[in-house]
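Enquirer: The structure is given below, and queries will be raised subsequently.
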Amino acid sequence: MNDMLVGKPLKRKEDQRLLTGKGRYVDDIRRPGETYAVFVRSPVAHGTIKSINKEAALAAPGVLGVFTGEDIQRDDWGSIPCGWVVTDRKGEPHKAVPHYALTPDRARYVGDHLAVVVAETYEQARDGAELVEIDFDELEPVINLANALEGEQIHDLAPQNLCYDWELGSRTEIDAIFETAHHITSLDLVNNRLVPNAMEPRAAIAEYDSGLDSYTLWSTSQNPHMLRWMLSGSVTGIPETKIRVIAPDVGGGFGMKIYCYPEETTCLWLSKMIDRPVRWTGDRSESFLADTHARDHLTTVDLALDKDGTFLGMKIDTTANMGAYLSNYATSIPTYFYATLFAGCYKTPVIYSNVRAVFTNTSPVDAYRGAGRPEAAYLIERVVDVAAHEMGLDPIEIRRRNFIKPADFPYQTPVHLTYDIGDYDASLDEALRMIDYDGFPARREEAKSRGKLRGIGLACYIEACGVAPSQLIGKMGAGAGLWESGQIRFNATGTAFVLTGTHGHGQGHETTFGQIVADMFGIPIEDVELIHGDTSQVPMGMGTYGSRSLAVGGSAIVRAGEKVIEKGRKIAAHMLEASVVDIEFEQGLYSVTGTNKSVTIKEVAERAYVPLDYPEGLEPGLDETAFYDPGNFTYPAGTHICEVEIDPRTGVLEIVDWVAVDDFGTVINPMIVEGQIHGGLAQGIGQAIMENGVYDPESGQLITGSFMDYCMPRADDLPKFRVGYTCTPCTHNPLGAKGAGEAGCIAAPPTLINAIVNALEIRHIDMPATGEKLWRIAKDKIAAE
Ligand code: MCN
């Protein structure tokens, strides 16, 4: 019998492979006779294509072909879809503008895919791409989000560059509340544009088999089945049976690798055209230009309060950037993954939001770690802090007064979601204890004696992940359900393959899913092998994003395990010559109730494949599949508190302490979860003080197009995070687990900005609060003193 593994900080199984250079990434896969594709990207932000001259490129050494949007359209390859329909205030669907793999008519952002060169070697393809001449009629680029609606129209289908004008809640109701409120706090916020940076850039290799008339695509994808579905169902019409998508080891995705992109679509098409495998590996500059970007909102939030600081209503007005085209889920991020979180941890009775999504001549914007929830948490936790300050209330007290309390669950928010469980005071209490909140004034004084401005800030966040009940998201406009599949396939020797439709690309699924299955069957974790990322092996799946893999994918595996146990019970009954109803199963042992007769799961597995003496009706095999559709989102929540010190002479900021107290329900592997929190925090801290995707407002060139200009946090920018947990187990999945993958980057921005504002004793500072901004504010303060 095994020690139980769930709850233990087991080292990651996959690290043996990943940390010793034995991982197998797309760029490690070599196919015989492969060719190389290099894209010709638009150097202009906005311009009608007058002509494309391929001649010089075609004559270049090694070049096998030069192709444009016209070529791919001639083959009837359609537009890459946006799979989530958002219905606007008038009941009209969003403007579904076309997005072809190679743009046939007009360049719409710097980096847009206008042509592709295929050659024998990468260098030859690159040289060839430089010889393709494109003549444009340049148009005024629309870069500034604030006045995008007045800019040159980017798509024929979208007048005023408006994708949708969407609202949630009643404007009349909120106006009435604001008329009688005791106090209103209003705040203008920028949610800065982020450029996701995974360690491994995107890559693809496509191979066409003319014998079978079928395609294999290796792709850095977070959800290979959805990629296959989109390629088959929307773009190409090729049957799904003829496309195999394999996502092998993937070096980080963070949301940006969920999508069907022009590059892999084009490679698929080229592989038949050239009749040789076609490889594309993005370089870092291409990643900056043409991976989906994130966030990029302009928001005004108004909070109405009574004289005691009780929240009466909240009003949010947001302009959200979609970029030049609609990425697959772009429409849902500033609506259903954002506005549905506006209740936060609080009992705000009335909430109204209006979101205008607009097109600009910038890279498409879609989900990136947190996806909508960081933007929601930021505005809530900032406006609550400012309101406390304006009303002379303690920031802790104002939060406690408005918290949804344990007795209120299940709690129906005014913004669609029903929270199942939580205890926000418990996380807050623990975080206050861990940081020694009461000792802060003394620490501030001591810092002052060293010439430093010390500040403290907190955020009580909630998020909705473990996406999501299919019926619910269907009502919200999703084009697909968000169930997950799990399969447990016992081998004759008692080891098990576990197949999941989720895809781990750094999250440690091989370990945590292994822990669950090992515990269920009382077998060593070494005997459990996870298979994911291959559409020809895993029956079907919806991939990894929205911190859904454990809560949804893990639950599907548990359900499959339950079926295996039931099947095994029948085999054990036969082996033990007992009735099925008398067979108990615990920790890998089937036994006859009230006797010492038992057989192990290993023995049952063997007999499942050696059914020589089976009675009629008993089916051989021990291999079960389950599809699990979650009953609700999961709602991780918690309190993060940090302390910062700012040197007013230089603007240098040091994060001196950070406590993160999160409620993820049941934690399968605390070490992996801690790693997830650290990573998320690094990304959230990056957004708060460093990262910013900036386009030149005149030319539309991406100014922050490399690590020289786009500042990512490094290890020495970060403090030693201190992590604590509270636990209210999720009520509706068999694991009691809530998602943990995004919490850090949701909690971090408001926590850090609240601390900075506190240190500088100012009302607000926009993200990223760079050293330069801090220095200017501190300098003015010193001058004023
Ligand atoms: N876990 C656990 N107990 C819990 C919750 C989670 O032990 N109560 C474990 C899980 O079993 C899993 C890991 O923690 O091994 C993360 O689980 P989960 O919260 O289900 O999130 P996903 O596995 O679905 O990962 C997605 C999430 C998202 S949305 C982004 S974006 C993100 C992230 O995870 N991208 C990542 N973390 C990342 N980490 C790495 N290294 N690389 C990325 O691209």
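Enquirer: For Val652 and Arg284, FRET efficiency with R0 = 41 Å and r from the beta-carbon atoms, rounded to 0.05? Spell out each step's value before the answer.
Expert: Numbers: r = 28 Å, r/R0 = 0.67.
Approximately 0.90, to the nearest 0.05.
Enquirer: Residues of the stretch 189-219 with amide nitrogen under 17 Å from the 7 Å Cα-to-Cβ point of Thr300?
Expert: 189-191
Enquirer: Another question, if that's okay. Can you pull the Rg over Rh of the stretch 365-512, Cα-only, Kirkwood?
Expert: Details: Rg = 21.8 Å, Rh = 19.9 Å.
The Rg/Rh ratio comes out at 1.10.
Enquirer: Multiply the residue separation of Asp135 and Gln537 by 0.36 nm, subtract the distance between their alpha-carbon atoms, and state the gained length in nm to one decimal. Present the calculation step by step, with values, prior to reporting the outcome.
Expert: Working: separation 402, 0.36 × 402 = 144.72 nm, distance 4.64 nm.
Full extension from Asp135 to Gln537 adds 140.1 nm.
Enquirer: In debye to the nearest 20, how big a dipole does the stretch 483-628 give about its Cα centre with +1 on each Lys and Arg Cβ and -1 on each Asp and Glu Cβ?
Expert: 260
Enquirer: Expressed as a whole number of Å, what is the distance separating the alpha-carbon centroids of the stretch 741-778 and the stretch 218-262?
Expert: What the calculation gives is 37 Å, centre to centre.
Enquirer: Can you give me the Cα centroid spacing of the stretch 657-701 and the stretch 329-358 in angstrom?
Expert: 20
Enquirer: Please label the shape of the stretch 455-534 as rounded, prolate or oblate, based on the square roots a ≥ b ≥ c of the eigenvalues of the alpha-carbon gyration tensor (a/c under 1.5 means rounded; beyond that, a/b larger than b/c means prolate, else oblate). Let's see the in-between values first.
Expert: Working: a/c = 2.92, a/b = 1.50, b/c = 1.95.
Here the stretch 455-534 falls in the oblate category.
Enquirer: Please give the length that would be gained between Gln160 and Glu446 if that part of the chain were fully extended, namely 0.36 nm times their separation in residues minus their C-alpha to C-alpha distance (nm, one decimal).
Expert: Values: separation 286, 0.36 × 286 = 102.96 nm, distance 5.51 nm.
Contour length minus Cα-Cα distance gives 97.4 nm.
Enquirer: Just to be sure I understand the model, the point goes 7 Å from the Cα along the line to the Cβ. What's the resulting Glu526 to Asp275 distance in nm?
Expert: Simple spin-label model gives 5.0 nm for this pair.
Enquirer: Would you calculate, for the chain, the mean residue ellipticity at 222 nm contributed by helices, counting each DSSP H stretch of 4 or more residues as -39,500 (n - 2.57) and dividing by all residues, to the nearest 500? Could the numbers behind the result be given before it?
Expert: Working: 19 runs with 209 residues, N = 785.
Calculated from helices alone, the mean residue ellipticity at 222 nm is -8000 deg cm²/dmol.
Enquirer: What pairs from Lys8/Lys738; Lys54/Lys257; Lys570/Lys597 go past 19 Å between their alpha carbons?
Expert: Working: Lys8/Lys738 17 Å; Lys54/Lys257 31 Å; Lys570/Lys597 15 Å.
Too far apart for the 19 Å limit: Lys54/Lys257.
Enquirer: While we're here: Return the lysines within reach of Lys50: Cα separation strictly under 29 angstrom, same-chain partners fewer than 8 residues apart disregarded; answer none if there are no such residues.
Expert: Reachable lysines: Lys95, Lys272.
Enquirer: Let me ask something additional. In whole angstrom, note down how far apart the Cα centers of the stretch 419-462 and the stretch 580-611 are.
Expert: Measuring centre to centre over Cα atoms gives 53 Å.
Enquirer: Once the dipole of the chain is set up with Lys and Arg at +1 and Asp and Glu at -1 on Cβ about the Cα centre, which of Ala320, Gly504, Tyr590 lies farthest towards its positive end?
Expert: Of the options given, the answer is Tyr590.
Enquirer: May I pose another question? Between Ile184 and Ala784, take the C-beta separation as r, use R0 = 35 Å, and let me know the FRET efficiency to the nearest 0.05.
Expert: On the way: r = 28 Å, r/R0 = 0.80.
So the FRET efficiency works out to roughly 0.80.
Enquirer: Can you tell me the alpha carbon radius of gyration of the stretch 483-628 divided by the globular rule-of-thumb value 2.2 N^0.38 Å?
Expert: Working: Rg = 15.6 Å, N = 146, 2.2 N^0.38 = 14.6 Å.
That ratio works out to 1.07.
Enquirer: Please give the charge dipole size of the stretch 128-267, origin at the Cα centre, charges +1 on K and R Cβ atoms and -1 on D and E Cβ atoms. Round to the nearest 20 debye. Intermediate values should be presented prior to the final figure.
Expert: Values: 7 positive and 23 negative charges, 175 e Å.
Once rounded to the nearest 20, the dipole reads 840 debye.
Enquirer: Once fully extended, how much extra length lies between Lys597 and Thr493, figured as 0.36 nm per residue of separation less the alpha-carbon to alpha-carbon distance? Walk me through the intermediate numbers first.
Expert: Values: separation 104, 0.36 × 104 = 37.44 nm, distance 2.10 nm.
Result for the pair: 35.3 nm of gain on full extension.
Enquirer: Same structure, new question: Show which lysines lie in cross-link reach of Lys779 when reach means a straight Cα distance below 22 angstrom and same-chain residues fewer than eight apart are skipped.
Expert: Leaving aside lysines fewer than 8 places away in the same chain, those within reach of Lys779 are Lys448, Lys452.
Enquirer: Stick to Cα atoms and the Kirkwood definition of Rh, then tell me Rg/Rh for the chain.
Expert: Working: Rg = 27.5 Å, Rh = 27.7 Å.
With Rg and the Kirkwood Rh in hand, the quotient comes to 0.99.
Enquirer: What is the set of long-range amide H partners of Val245 at a cut-off below 5 Å, with H atoms built 1.01 Å from backbone N?
Expert: Leu217, Thr535, Ser536
Enquirer: Quick one: putting +1 on the C-beta of Lys and Arg, -1 on the C-beta of Asp and Glu, what dipole do you get for the chain around its Cα centre, in Debye to the nearest 20? Provide the component values of the computation, followed by the final result.
Expert: On the way: 70 positive and 109 negative charges, 157 e Å.
Dipole about the Cα centre, nearest 20: 760 debye.
Coordinate-derived values only; no laboratory data. Since we're looking at a predicted model, the values are computed, not measured. Reconstructed Cβ throughout: ideal geometry from the backbone, glycine too, with neighbour counts over all protein chains shown.
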